[in-house]
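Read the structure below first, then the notes.
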Amino acid sequence: MTAAAAAFEGEDWAALDSALENAQQLRPYSLYVWKNRILAKILLGKKREARALSMEIADRGLSMTMTGHAALEEFAASDAFSIIADRMNDNLQPIGMETIVLNGRQTDLLPEAVAPYSEKSILIGSVRSGAITAYDPAGGSNVLATAPGGVFDLEIRKNIVWAAVNNQLAYVKEKDALPFAAVIGFEADTGAILHEFQIDGEESLFGDIEISKSGAIFASDSITPQIVWKSANDQSLSQYLTDSRFVNLQGIALDERKNRLFVADYLAGLFVIDTKTREVTKIANKTTGWLGGIDGLYFTKGCLLGIQNGTTPQRLVKACLNNSGTEVRSFAVLQQALPEWREPTHGFVAENNLIYIATSNWPSYAEDGDVKDPESLKPILIMSTPIN
C-alpha cells in the first residue's frame, strides 16, 4: 500500500496497478483495495478490466460506491456500467424475515456480546459501560456484573460467565487509564469476579473468546494480530500463535470434536487451526461467496455461520465446509440488510437458529468513542434467523 500511494502521487498508473494487485493477494477481502484496483484500471485506460472487477463484486452479492475520484465517478456514470449498477442496487435489497427475540429500551449500551443465560433470559454485554445485563423476553433487565472495560464477547461454561474485556474504543474510562485487554470470569449467579487474565498495552484488543470443555481459553487479538490462550493449568495468557497472513482477526469458533479452531479475519478471510499441531491453514473458497468482513463466527453441523458487518450490504451468511474444514463447498445468505439493523455483531446458536445482536449502534460512534449521532441510536434489538 505504501508503494501504491507513491505510485499514485507520481501518477505512475502501471506501478499503481501492480502494487494494488500485490496488496490484494495479501488482503483478498479488502473492498478498499478492490475499489482502488478498479480505479487503477480506469486510469490505465483498461476499462474492460475495470468493468470485470466491478462485475465480480456484483456477482458476489455486494455493492460498492464509485466515488472519491473523478475517474471513478465518470466510469460509474457511463452506459457500460449501468448493468453493473443495477446488479449492485439489487444486491442492497433486504433478504430474510424479521424475527425479533428481544426488544429492549436502552440505546446507550453499545451492545457487542450476547449469550444464553437461562431458559427465559439472555446476557448482553456493553462496550460502552462494561455492564453485563440479564434480559427477559418482556424486556425486563437486571445487571449481573460490571466489567472494568467494554465487553466484546460472552461465553458461559460451568457456572462461569467469561467475558472478553477491553478498556478501549468506545468504553467510557478515566482519561489517564492505561489500556488493557483481558478475559474475566464472573460467577454466574452473583456476578463476583472469579478469574482475571490480562494483557497490558495498546497493541492488543480481544474481539472474541472460546472456552474449551477442559477450561482452556482462546482469544482473538485483532490488533497484534494473534491468538492468545491459557490452558486449563496455566495462570496467565500467552501467545498461542500468529501467522504472517493474519491482518485483523475477529470471530473464532472451536470444534473440539475434530481438534480445530476456526478464525475469521476481516481482510484475509477464513482460517482453520489444528489445535494439536497449531498448524494454520487458509480455508479455500470454491464458491463466489465473499468470506471477508465477518465479525461473529459460529460452527455448527459442518458449517460456519458468519455475521458479516464489514461488507455492503451487511449480511448473515452460512459457509459449509468439506470434512477436513479446509474448503468452503457452499455459501448462502441467511439474512441481509434488514431495516431494523444497526450493524449486527455477535450472537449464539440455539437449536436451529442463530440468535444475534441486530442493533449494536457502532455507526453512531466517532473514532474517539464519543456519540456522533445521538438521534441514530436504536434500542437493543435481538433477532434470530433459522440456519437450516
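Under the condition of being basic (Lys, Arg) and either assigned to a strand (DSSP E or B) or touching a strand residue (DSSP E or B) at 6+ places or on another chain (Cβ under 6 Å) (or both), the residues counted in the stretch 355-388 number 1. Beta carbons closer than 6 Å, at least 6 apart along the sequence or on distinct chains, pair a first residue in the stretch 43-70 that is touching a residue at least 40 places away in the same chain (Cβ under 8 Å) with a second that is outside any helix (DSSP H, G or I) and surrounded by fewer than 19 Cβ atoms within 10 Å (Cβ to Cβ) for Asp59/Thr288; Arg60/Thr288; Ser63/Leu92; Ser63/Thr312. Quick check: is even one residue across the stretch 74-93 touching a residue at least 60 places away in the same chain (Cβ under 8 Å), within 25 Å of Val247 (Cα to Cα) and touching a helix residue (DSSP H, G or I) at 6+ places or on another chain (Cβ under 9 Å)? No, the conditions are met nowhere in the stretch 74-93. Residue check: is Ser244 of a type in the set (S, T, N, Q), farther than 15 Å from Trp162 by Cα and buried (at least 19 other Cβ atoms within 10 Å of the Cβ)? No, not satisfied.
Of the numbered criteria (1) within 31 Å of the chain's Cα centre (by Cα); (2) assigned to a helix (DSSP H, G or I); (3) crowded, with 16+ Cβ neighbours inside 10 Å, the one Pro28 fails is (2). State whether the residues of the stretch 146-169 include one that is at pLDDT below 95, hydrophobic (A, V, I, L, M, F, W, C) and over 22 Å from the mean Cα position of the chain (by Cα). No, the stretch 146-169 contains no residue that is at pLDDT below 95, hydrophobic (A, V, I, L, M, F, W, C) and over 22 Å from the mean Cα position of the chain (by Cα). If you take the residues in the stretch 338-354 that are of a type in the set (S, T, N, Q) and not in a strand (DSSP E or B), which one is surrounded by the most Cβ atoms within 10 Å (Cβ to Cβ)? Only one residue fits best here, namely Thr345.
When the residues of the stretch 208-254 are filtered to those that are under 20 Å from Leu305 (Cα atoms) and among the polar types (S, T, N, Q), the one that is farthest from the chain's Cα centre (by Cα) is Ser212.
Please work out if Ile223 is crowded, with 20+ Cβ neighbours inside 10 Å, at negative phi and of a type in the set (Val, Ile, Thr). Against the criterion (crowded, with 20+ Cβ neighbours inside 10 Å, at negative phi and of a type in the set (Val, Ile, Thr)), Ile223 does not qualify. Might you let me know whether the stretch 328-338 holds any residue that is closer than 26 Å to Met55 by Cα, in contact with a Ser or Thr (Cβ under 7 Å, 6 or more places away or on another chain) and among the aliphatic types (A, V, I, L, M)? Scanning the stretch 328-338 turns up at least one residue that is closer than 26 Å to Met55 by Cα, in contact with a Ser or Thr (Cβ under 7 Å, 6 or more places away or on another chain) and among the aliphatic types (A, V, I, L, M). Return the residues of the stretch 283-336 that are over 21 Å from Met64 (Cα atoms), in a strand (DSSP E or B) and of a type in the set (Lys, Arg); say none if nothing qualifies. Passing the criteria: Lys318, Arg329.
Residue-level check: of (1) assigned by TED's automatic domain parsing to the domain that holds Pro379; (2) modelled with pLDDT under 95, Leu110 misses just (2). Once the stretch 170-193 is narrowed to residues that are within 25 Å of Val349 (Cβ to Cβ) and among the charged types (D, E, K, R), the residue that is modelled with the lowest pLDDT is Asp189.
Checking the stated criteria, Ser118 turns out to be modelled with pLDDT under 95 and polar (S, T, N, Q). Looking across Leu270, Leu291, Leu297, Leu316, one residue alone is touching a Leu at 6+ places or on another chain (Cβ under 7 Å) and within 21 Å of Pro94 (Cβ to Cβ). It is Leu316.
The residues listed here are Ile199, Ile252, Ile184; of these, the one that is in contact (Cβ under 8 Å) with a residue 40 or more places away in the chain, in the same structural domain as Val317 (by TED's automatic domain parsing) and of a type in the set (A, V, I, L, M, F, W, C) is Ile252.
The residues of the stretch 91-103 that are at pLDDT 95 or above, assigned to a loop (DSSP other than H, G, I, E, B) and hydrophobic (A, V, I, L, M, F, W, C) amount to a single one, Leu92.
The values are calculated or read from the model by the stated rules, or taken from the named source; none is laboratory data. In this text the structure is predicted, and so the values were computed from the model without any measurement. Virtual Cβ from ideal backbone geometry, glycine too; neighbours counted across all protein chains shown.
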